[in-house]
Amino acid sequence: MNDQFLSNTYVVADEPGGHAVMIDAGGPVQPLLDYLRRGQFELTHVLLTHHHHDHVAELDAVLEAHPGTPVLIHPLERELVPAATGTMAPGDTIESGALLIEPLHTPGHTAGMLSLKVDGSDVFTGDTLFKGSVGGVRAPGHTTYADLRSSIMDTL
């Protein structure tokens, strides 16, 4: 938990001592960096659901610990995150060891919002869905409630 905001940052790995991705980097990331080190995981990617501060605030700390790690985000948001090194979009498949990650475009909260489906079943939704609620459409870069509704009902 960040002292100033709620943030969800995840490490998803294929097997002990194998490959891993970090989904978002809002922080605090040090416990996750420690977990990667202890488990001897190779961090292959940082995958960003969107550009908001609470999802990228500690990206520099991740890259300091894992220099050269590709940082991917939707093309519409690439310029908003200077540390991003590339993009991902629906139809792309990101491979990390045995993990297969499929980006799903879920606009509403932001125009380039992505949800990430891992191995065909687990989905990380960024700020599109919350427990008992949905993401808002008033933050910087948002689109419309109709987009958010379609993202949830038609895509997710």
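The values are calculated or read from the model by the stated rules, or taken from the named source; none is laboratory data. Note that the coordinates shown come from a computational prediction; the quantities given were computed from them, not determined experimentally. Note that each Cβ is placed from the backbone with ideal geometry, even for glycine, and that neighbours are counted across all protein chains shown. Side chains are part of the model used for accessible areas, which takes the heavy atoms of the whole protein and leaves out ligands, DNA and RNA. Shrake-Rupley method; radii C 1.70, N 1.55, O 1.52, S 1.80 Å.
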Task: Residue count for segment 79-110, restricted to those that are assigned to a loop (DSSP other than H, G, I, E, B), open to solvent by less than 20 Å² (accessible area, probe 1.4 Å) and in contact (Cβ under 8 Å) with a residue 60 or more places away in the chain - done: 1
TODO: Report, by residue number, each residue of segment 66-78 that is open to solvent by 70 Å² or more (accessible area, probe 1.4 Å) and under 17 Å from S151 (Cα atoms).
DONE: L76
Task: Test: V62 is surrounded by 21 or more Cβ atoms within 10 Å (Cβ to Cβ) and either closer than 17 Å to H19 by Cα or in contact (Cβ under 8 Å) with a residue 60 or more places away in the chain (or both) - done: yes
TODO: State all residues of segment 34-57 that are part of a helix (DSSP H, G or I) and over 24 Å from L80 (Cα atoms); if no residue qualifies, say none.
DONE: D34, Y35, L36, R37, R38
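Pull up segment 5-22, narrow it to residues that are not polar (S, T, N, Q) and not in a strand (DSSP E or B), then point me to the one that is nearest to A98 (Cα to Cα).
Within segment 5-22, the subset not polar (S, T, N, Q) is 5-6, 10-22.
Of the ones still in play, those that are also not in a strand (DSSP E or B) are 5-6, 14-18.
On the way: F5: 33, L6: 30, D14: 6, E15: 8, P16: 12, G17: 12, G18: 9 Å.
Applying the filter and picking the extreme gives D14.
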Open item on the list: Quick check on my filter: what residues within segment 116-137 are under 17 Å from D24 (Cα atoms), open to solvent by 20 Å² or more (accessible area, probe 1.4 Å) and assigned to a strand (DSSP E or B)?
Closed with: K117, D122, V123, F124, L129, F130
- [ ] Give just the number: which of (1) under 13 Å from the mean Cα position of the chain (by Cα); (2) open to solvent by 40 Å² or more (accessible area, probe 1.4 Å); (3) of a type in the set (A, V, I, L, M, F, W, C); (4) farther than 18 Å from V11 by Cβ does M113 not satisfy?
- [x] (2)
Task: Residue list for segment 6-48, filter: over 21 Å from H105 (Cα atoms), buried (at least 20 other Cβ atoms within 10 Å of the Cβ) and small (G, A, S) - done: A13, A20, G27
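For residues in segment 138-156 being in a loop (DSSP other than H, G, I, E, B) and either surrounded by 11 or more Cβ atoms within 10 Å (Cβ to Cβ) or touching a residue at least 60 places away in the same chain (Cβ under 8 Å) (or both), which is farthest from the chain's Cα centre (by Cα)?
First, pick out the residues of segment 138-156 that are in a loop (DSSP other than H, G, I, E, B): 138-144, 156.
This time we only want the ones that are either surrounded by 11 or more Cβ atoms within 10 Å (Cβ to Cβ) or touching a residue at least 60 places away in the same chain (Cβ under 8 Å) (or both), so: 139-144, 156.
On the way: A139: 17, P140: 17, G141: 16, H142: 17, T143: 19, T144: 21, L156: 16 Å.
Residue satisfying both the conditions and the ranking: T144.
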